[in-house]
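A.B. asks: Got a structure here, written out as structure tokens. Questions coming.
What follows is calculated from the coordinates using simple rules that are stated; it is not laboratory data. None of the values given here were measured: they were computed from a predicted structure. Glycine also receives a Cβ, built like all others from the backbone with ideal geometry; neighbour counts cover every protein chain displayed.
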């Protein structure tokens, strides 16, 4: 059982680290791209799918979201992704290196993410927030289990 938890823990950290890097890259892209680039990218990505299925809910949802972006909202997303990505990646590195205090800091950071995501979901329901919250909860459980197993060694 301990080996399974260790494997799941490491796998979740790799996934969380990849998510953090993806968020950092996305933030950089939003920061450097012109304001019209995101709606144009979403249109390009969904065009083929909508040609095959004009009522595809995911493609239509993405297009609706891109069309609803207001002036400056891409900067908000860039700042949010930069902060979230940096914190995600930093927590993963600290946990993988077993830095002192990494356990407590990771629980505080991930707990804060969850609180903010639940609050945001209450203000504007978005299924992506539920996915991010579920990922953070799984990582918290695995961090706690790994900590307990490590304490027994």
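A.B. asks: Against the longest principal axis of the chain, how steep is helix 102-123, in degrees 0 to 90 to the nearest 10, with axes from Cα atoms?
C.D. replies: Compared with the principal axis, the helix lies near 30 degrees.
A.B. asks: Kindly put 19, 137 in sequence by how many other C-beta atoms sit within 10 Å of each C-beta, fewest to most.
C.D. replies: Listed from fewest to most nearby Cβ atoms, that is 137, 19.
A.B. asks: Calculated from the structure, semi-axes √(5λ) of the Cα gyration tensor in Å equals which of (1) 34, 17, 14; (2) 126, 21, 12; (3) 40, 14, 13?
C.D. replies: Comparing each candidate, only (1) matches the computed number.
A.B. asks: With contacts defined as alpha carbon pairs under 8 Å and 6 or more residues apart, what's the relative contact order of region 25-132 in percent?
C.D. replies: Details: 54 pairs, mean separation 26.4, N = 108.
Dividing the mean separation by the residue count of region 25-132 yields 24 percent.
A.B. asks: Hey, another quick one. Could you give the angle, 0 to 90 degrees to the nearest 10, between helix 2-32's Cα long axis and the longest principal axis of the Cα atoms of the chain?
C.D. replies: 40 degrees
A.B. asks: In degrees from 0 to 90, rounded to the nearest 10, what is the angle of the helix 127-152 Cα long axis to the longest principal axis of the chain?
C.D. replies: Roughly 10 degrees, rounded to the nearest 10.
A.B. asks: Let's test the formula: R0 of 41 Å, r as the Cβ-Cβ distance of residue 50 and residue 144. What FRET efficiency results, to the nearest 0.05?
C.D. replies: 0.40
A.B. asks: Taking neighbour Cβ counts within 10 Å as the exposure measure, how do 76, 89 sort from fewest upward?
C.D. replies: Ordered by Cβ neighbours within 10 Å, fewest first: 76, 89.
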